[in-house]
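**Q** Quick one: the structure is below, questions incoming.
The values are calculated or read from the model by the stated rules, or taken from the named source; none is laboratory data. Because the structure is a prediction, the values reported are computed rather than measured. Methodologically, a virtual Cβ is constructed for each residue, glycine included, from the backbone with ideal geometry; neighbour enumeration extends over all protein chains shown. The protein model used for the area step is the full one, side chains on, heavy atoms only, and it has no ligands, DNA or RNA in it. Shrake-Rupley method; radii C 1.70, N 1.55, O 1.52, S 1.80 Å.
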Amino acid sequence: MTYETDLAEAKRTGRAWGCTCGADNPPAYDCCHDCQRPSWTCAACDTVNACGRSECDECGGTMPAELLGDREEGFEMTWEEWIATQIGPRVVGGHYDHGDDATAYEVLAIDPGPRPAWPVWQITVRRANGQVHRHCTRWDSRRDRDRSTEPIPASAPTIRCPRDGGRAEEYQVRNPDTGDVFDRARCTHCGHSWDLDPGADASCRACGGSGDPGAQQQTALLAPRCECVGTARS
């Protein structure tokens with residue numbers, strides 16, 4: 001492969017490294033294509049950096065992987081050096097994912113250890129669905145992304161069935177006569193379904209976002225409406 005081809009692939013995958021001379025290079029190049037300045041690889045996140053920079057462009061780390069030896073042959077690390085390769089750029093309060101929006105998470109705590117039992121270190125995260133998990137999965141710079149500088153989108157309200165409190169899924173139906181599309185919800189537990197009212201609060205436990213207490217879908221003009229109608233959150 002040529003330099004141009006390698007560089008195009010590196011830019012496509014976000015793995016190209018920039019030299020202080022202004023040239024971009026593929027990650028496999030241990031020196032700059034234009035000025036021949038050597039590069040170094042961060043031990044914490046595997047990012048390739050120009051030797052003119054003392055800190056990693058990606059995570060701010062200062063430990064070159066080259067000083068730790070060849071990972072394929074085996075070598076001795078201090079605990080701090082090894083933990084840096086596991087945690088990577090993650091910090092408490094930061095937002096990250098494993099390469100797609102569905103795997104987004106927020107870091108709540110990091111215990112760098114060493115702990116007396118497995119796992120010897122752990123990280124506590126809150127996923128997009130609100131569930132909290134603890135694990136010791138290392139940072140993979142080929143896949144994982146730092147989303148801390150991006151705005152966090154507001155999460156959609158969780159719709160609950162007003163009959164049994166089960167989680168509901170939202171879907172749409174089309175009127176075959178008019179072509180109009182209506183939002184509906186269906187309980188994944190009991191199967192009950194109901195129309196969603198845009199003027200009701202979708203997270204309301206009393207009506208399930210239908211505007212009718214119990215989601216009875218009453219048709220009488222004077223039927224009582226749920227208290228949440230008109231107070232829907234934007």
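For every residue, the table says whether it meets (1) surrounded by 16 or more Cβ atoms within 10 Å (Cβ to Cβ); (2) in contact with a strand residue (DSSP E or B) (Cβ under 6 Å, 6 or more places away or on another chain); (3) modelled with pLDDT of 80 or more.
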site	(1), (2), (3)
119	no, no, yes
122	yes, yes, yes
129	no, no, no
140	no, no, yes
149	no, no, no
155	no, no, no
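**Q** I need every pair where a residue in region 41-60 that is at pLDDT 75 or above has its Cβ under 8 Å from the Cβ of a residue that is among the basic types (Lys, Arg) and open to solvent by 30 Å² or more (accessible area, probe 1.4 Å), sequence separation at least 6 or different chains.
**A** These pairs meet every condition: 46/142; 48/15; 50/37; 51/37.
**Q** Further, regarding this structure: Just to verify a result, which residue in region 207-234, among those that are open to solvent by 30 Å² or more (accessible area, probe 1.4 Å) and either closer than 15 Å to residue 166 by Cβ or of a type in the set (S, T, N, Q) (or both), is modelled with the lowest pLDDT?
**A** The selected residue is 234.
**Q** Is it fair to say residue 176 is open to solvent by 30 Å² or more (accessible area, probe 1.4 Å) and either at pLDDT 85 or above or out of contact with any Cys (no Cβ under 9 Å at 6 or more places or on another chain) (or both)?
**A** yes
**Q** Sticking with this one: Among the residues of region 72-93, is there at least one that is over 23 Å from residue 124 (Cβ atoms), touching a Cys at 6+ places or on another chain (Cβ under 9 Å) and modelled with pLDDT under 85?
**A** Looking for residues that are over 23 Å from residue 124 (Cβ atoms), touching a Cys at 6+ places or on another chain (Cβ under 9 Å) and modelled with pLDDT under 85, one finds none in region 72-93, hence no.
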